[in-house]
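First comes the structure, then the notes that go with it.
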Amino acid sequence: WSDWTELLTNSAILAFLPLQVPQIIKNFGNISSGASDAISILPWMGYSTGILANILLLSYFVSQKEKGAARVQAVGVATSAVVVAQIFYAGFMPGFAFWTIVPAIAAGLLLNYVSFKGNLNAGVWRGWNVATGLAGFVVLPLVFWATFSPFVFAGAGMLPGFLLAGAAGLLGAFMMWGEGAGRLPPKVLSFWRNINAWTATALFIFGPLAQLANNLTNPAQIAGIALATLLLGTAGNLVMLPRAVLTKDRIWFTGSFWAVAVGGWVVLLTMFLYGAL
């Protein structure tokens, strides 16, 4: 069973490698035909946080020596980056955000590749994981606020989101101090040492929620979503679930299960209810 689950996980690359290709082709078609407005249904913040989540999980799986799962995350970073570039080119993503993400993607892929080959200093690798985990921890409340505050706190602006991000940063700094001083309880310490992976899982949970928010508020543009991309993503996560169960990896299981149940089925349901299927 261990061999079979590893084989299934390795086979997920067959779904994730072409995952964004239908969406990329659809976006190219919309841009070339002058129908760039259709791309507005794709949330740049959802895709960007998805890339951050991919990078965080890439580092997690590299540390866990799960090569198949690590390859899937690396492919996710590269292909999602193309979609983000298209969203930026179509004019639906701020320039400062795009030019901040590009070097982060390059650094993430390079450091993980060097570590994967066993050529990265342990201190540098630990520093990278702490820095990216803390970055995700700070970004998480900010992107949640930016996406959902218009529905709950209309007119509140982004200040509360920045305050929440600042509070998360202070909490993260306190946890880092507690870890260094040896004052964290064992369970808290275990959670904090995996904070980058848990943060990545939370960001993956956010991605489908952002898409659902777009679908429900802008159903006229729902046809801009590529059906094949959704089906490939659902299938890829589905074949990785057995390995997550076998290894009793709650982080892996939570992310894959959510991607199948919500990112796949519930998003498809909204497309069906609005007549896009």
Qualifying residue in the stretch 135-142 (condition: surrounded by 15 or more Cβ atoms within 10 Å (Cβ to Cβ) and touching a Pro at 6+ places or on another chain (Cβ under 9 Å)): no
Given (1) surrounded by 20 or more Cβ atoms within 10 Å (Cβ to Cβ); (2) polar (S, T, N, Q); (3) touching a Leu at 6+ places or on another chain (Cβ under 9 Å), number of the condition SER2 does not satisfy: (1)
Every residue from the stretch 213-226 that is within 19 Å of the chain's Cα centre (by Cα) and open to solvent by 20 Å² or more (accessible area, probe 1.4 Å): ASN214
Criterion violated by GLY91 - all others in (1) in a loop (DSSP other than H, G, I, E, B); (2) touching a residue at least 60 places away in the same chain (Cβ under 8 Å) satisfied: (2)
Residue, most open to solvent (accessible area, probe 1.4 Å), within the stretch 176-212, restricted to residues that are under 23 Å from ASP249 (Cα atoms) and aromatic (Phe, Trp, Tyr): PHE191
Any hit, the stretch 166-175, residues being within 19 Å of TYR47 (Cα to Cα), open to solvent by less than 40 Å² (accessible area, probe 1.4 Å) and either in contact with a Pro (Cβ under 9 Å, 6 or more places away or on another chain) or aromatic (Phe, Trp, Tyr) (or both): no
Filter result (outside any helix (DSSP H, G or I) and among the basic types (Lys, Arg)) within the stretch 174-232: ARG183
All helices (runs of 4 or more DSSP H) inside the stretch 1-65 with 1 or more residues being touching a Phe, Trp or Tyr at 6+ places or on another chain (Cβ under 8 Å): 21-32, 44-64
Filter result (of a type in the set (Phe, Trp, Tyr), open to solvent by less than 40 Å² (accessible area, probe 1.4 Å) and closer than 17 Å to ILE101 by Cβ) within the stretch 5-50: TYR47
Flag if LEU140 is among the aliphatic types (A, V, I, L, M), touching a Gly at 6+ places or on another chain (Cβ under 9 Å) and in a helix (DSSP H, G or I): no
Contacts under 7 angstrom Cβ, first residue in the stretch 61-80 being under 19 Å from ILE25 (Cβ atoms), partner part of a helix (DSSP H, G or I) and open to solvent by 10 Å² or more (accessible area, probe 1.4 Å), 6 or more apart: VAL75/ILE13; VAL75/PHE16; GLY76/PHE16; GLY76/ASN54; SER80/TYR47; SER80/GLY50; SER80/ASN54
Test for ALA261: is it in a helix (DSSP H, G or I), surrounded by fewer than 18 Cβ atoms within 10 Å (Cβ to Cβ), at pLDDT below 85 and within 20 Å of the chain's Cα centre (by Cα): no
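The values are calculated or read from the model by the stated rules, or taken from the named source; none is laboratory data. Being a predicted model, the structure only gives us computed values, none of them experimental. All Cβ positions, glycine included, derive from the backbone under ideal geometry; neighbour counts span all protein chains shown. Only protein heavy atoms, including side chains, enter the accessible area calculation; ligands, DNA and RNA are left aside. Shrake-Rupley method; radii C 1.70, N 1.55, O 1.52, S 1.80 Å.
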